[in-house]
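The values are calculated or read from the model by the stated rules, or taken from the named source; none is laboratory data. In this text the structure is predicted, and so the values were computed from the model without any measurement. With ideal geometry, Cβ positions are generated from the backbone for all residues, glycine too; neighbour counts draw on all protein chains shown.
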């Protein structure tokens, strides 16, 4: 069936709730209701998505959208991330009392965009979904309306627009060579072309490079990472958390689907983009980690740290590229499942870290690492949670971070990327220095005052969920690894 | 399924942690007693396991008290525990020192609740390392140990504690980064993470040279042991750590390195170990002599003991890479013996410092009058360290030297063994000189009224002395067990 709207229910229901929030905002004085409505909206959407888990991969709207486990996996991730961010925003929204309705609605709309993005199988719908999520995020980044936030919003918008242009140019080139917009048809056309035709024609390779650059902006790989520190610093902290997790995950979702569907064959082509990502990965993680060492603002530090983490994630992308596609055993999917598991672990960890930062910075009105001095005494539980998340980001047990690294690096090693894995593990050692510095300041520094740090129950719930997730994934990861493998096995081609 | 003894031993401290963490506003005394209770129970259980360990010849190379549960199925990782003759003594040593470390820390006044939580977590992680038979599990426990060590040194330490703590963490992390790479290459060569299935890997399917895998793993263990020139974290960490942490650090943490070398480097790559044995033996001698020479020059009591550990770990390295059955037994015994001797030495330094507030050899002196018990026990520990017959130090070093001198596997090892024995002479020099400068000579006025050891401290240090004497007089308590663990390794080497 071509127009199976039932399969679009998660997105449609969420969009309805987003519009409902804008309407309610007009008439309701008690803004807390809006939080409840957004959470219900996310839960309803999750419910619809849950009923589809295990579904036979289906293409709808003439192959524009794919409903498969891979997309569903990401949909859960986006919904969960948005839910945690909305809960954690409770301590932050007082900074913009008049626009709370828009704030929640925009978050939901961007989730819709990302959910579509993870499911698209066609050039134009990829672009539309990407813009849907991005434009909401541009607005959200500038939401505080102070100079820094406005700068963040504007910078994000301008650079994002350039990246979109590059992406469109890449799509145009690929379309020009193949004459198709559906990814599967593009793949078929490329495979049908004679080898010499592909080699003599630089347009296709140029197109691939432009596409990698356009998507690279979204996941903030070097050299398209320039916007990250400024935008992360200026944007409202919950939005920073959301950007660093959901937006990045959406970028990876679309890259995996796009490159794996379109450019998997012939082997030399996929090997080439695999190596491209491997080199980018090595540079990205090194730049991210080295620059993070010198940061004194915790949001900027986590910005650079997220660049480094994107580098680790790209080990997964590189693995997908260099894996031989002929044998389709479990080993062939290690890159994908490693990437998915790492994304989940990274999402929980980074959200947890940012949620703790929201609470602490709200009290101290500062994002400087030095002002975290003595937090172990002022807010032991928040400091403990932040410590746990930083330990997970470093990749120490008993947290999700370690298992995720072992899993994604093992995928790399088994597919001949030993050199990249060695660079990656050495990078993990560098990262210990700046992550543990925050831990040190919190537990060893003397507190600036004895005042306790207050936090709302909603924030505490969100923090507890993230930390629990980090621990569960770190100690009994078996089930979740299997889930990630199930998600990539039923991948539409 | 029989009772999971090993899991119980490993996770008893964690139960203690949970109870301490849940108590609302506990008294420091309650925290101490809970920690002592749980570590003592773990020690008792490990003794029970030690006593019921099947020593019959049929059990050579067999793991006992095995537990195996599925953990991360997609990568074949299991929750797989077990002990053999190699790991069992180290497990007993860990629980023994874990209990004594609690006693040593009896007077901790700064944030006692957190302190004991970290100390207990440290014990769990070390026990996990010695009991794991799965590489991922092994790596996990190996890394867990970093977190409590970081906090213990940087909060409760002295001097440049934050610098020393981060130095320790970074050194170990670089080592474990190498180890993780090594483990992954081994895994993808064999498809197995079980230490039992990996023994005697051949180069048939390896996609990088076996020697490269060997050195990736060796690097991690060499940082930990420590092997010259990777040792520079050790004096800093030891000097600035609180006493109990020094006891654990010297007592069992260093042994994780030696244990790893035997369990992984030699067992998995016997051929590579044979090829490079000569160079590693030379490195061991450098370790012995360099460590001993540097020790002579120390004026800080704690730093002195720390450097002496480097020298003594050289004997372990010598015993391991002499690759004969006797030398491997000697090396394992030396690990155990050094654990209790140096543990005691650090405990004694802690006592001297607590009471006299002085650690500098140049300002100490004549303390034997003011603290006779401490002086006697310190001397016993010192004599054990220099290998006086009747102490465990003698038994261990003697067996190691006999083993390496008679080893047929390494060319020209006799010369190196003789050079290594020279280390003992230097050891006698620095130990006696140190005892003389701390305890003998004219009693000094400023130390008048300095108390001797109290009852808890006596209980603690006499337990150490008893263990040193027991093993010194009848080393077969341990060597019988160790032999069972070493024999399969020797068979792989072909000795």
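General observations
- Any chance residue B:11 is under 21 Å from residue B:132 (Cβ atoms), part of a helix (DSSP H, G or I) and without any contact (Cβ under 8 Å) to a residue 60 or more places away in the chain: no
- You will find that of A:416, A:445, the residue that is at the interface with chain B (Cβ under 9 Å from one of its Cβ atoms) and touching a residue at least 12 places away in the same chain (Cβ under 8 Å) is A:416 and no other.
- Residue B:171 vs. criteria part of a helix (DSSP H, G or I) and closer than 17 Å to residue B:145 by Cα: yes
- Test: residue in segment A:140-152 that is at positive phi, assigned to a loop (DSSP other than H, G, I, E, B) and assigned by TED's automatic domain parsing to the domain that holds residue A:74: yes
- Residue B:438 vs. criteria over 27 Å from residue B:96 (Cα atoms) and either over 18 Å from the mean Cα position of the chain (by Cα) or buried (at least 21 other Cβ atoms within 10 Å of the Cβ) (or both): yes
- Considering (1) surrounded by 18 or more Cβ atoms within 10 Å (Cβ to Cβ); (2) more than 17 Å from residue A:109 (Cβ to Cβ); (3) more than 24 Å from the chain's Cα centre (by Cα), the lone condition that residue A:29 does not fulfil carries the number (1).
- Subset of segment B:175-193 that is more than 8 Å from chain A (Cβ to nearest Cβ) and assigned to a helix (DSSP H, G or I) - its residue that is surrounded by the fewest Cβ atoms within 10 Å (Cβ to Cβ): B:190
- Of the residues making up segment A:248-269, at least one is free of Cβ contacts under 8 Å to residues at least 24 places away in the same chain and in a helix (DSSP H, G or I).
- Residue list for segment B:152-174, filter: crowded, with 23+ Cβ neighbours inside 10 Å and facing another protein chain (nearest Cβ under 9 Å): B:154, B:165, B:169, B:173
- Failed item, numbered, when residue B:317 is tested on (1) at pLDDT 90 or above; (2) in contact with a strand residue (DSSP E or B) (Cβ under 8 Å, 6 or more places away or on another chain): (2)
- Test: residue in segment A:99-111 that is within 20 Å of residue A:462 (Cβ to Cβ) and either at pLDDT below 90 or outside any helix (DSSP H, G or I) (or both): yes
- Test for residue A:487: is it buried (at least 16 other Cβ atoms within 10 Å of the Cβ), over 30 Å from residue A:297 (Cα atoms), more than 9 Å from chain B (Cβ to nearest Cβ) and in contact (Cβ under 8 Å) with a residue 60 or more places away in the chain: yes
- Qualifying residue in segment A:460-482 (condition: away from every other protein chain (no Cβ under 11 Å), surrounded by fewer than 24 Cβ atoms within 10 Å (Cβ to Cβ), within 20 Å of residue A:338 (Cα to Cα) and touching a helix residue (DSSP H, G or I) at 6+ places or on another chain (Cβ under 6 Å)): yes
- Meets criteria (modelled with pLDDT under 90 and at the interface with chain B (Cβ under 9 Å from one of its Cβ atoms)) for residue A:432: yes
Rundown of residues vs (1) surrounded by fewer than 24 Cβ atoms within 10 Å (Cβ to Cβ); (2) over 21 Å from residue A:473 (Cβ atoms); (3) within 12 Å of chain B (Cβ to nearest Cβ), yes/no style:
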{"residue": "A:343", "(1), (2), (3)": "no, no, no"}
{"residue": "A:354", "(1), (2), (3)": "no, no, no"}
{"residue": "A:364", "(1), (2), (3)": "yes, yes, no"}
{"residue": "A:368", "(1), (2), (3)": "yes, yes, no"}
{"residue": "A:373", "(1), (2), (3)": "yes, yes, no"}
{"residue": "A:385", "(1), (2), (3)": "yes, no, no"}
{"residue": "A:389", "(1), (2), (3)": "no, no, no"}
{"residue": "A:401", "(1), (2), (3)": "no, no, yes"}
{"residue": "A:422", "(1), (2), (3)": "yes, yes, yes"}
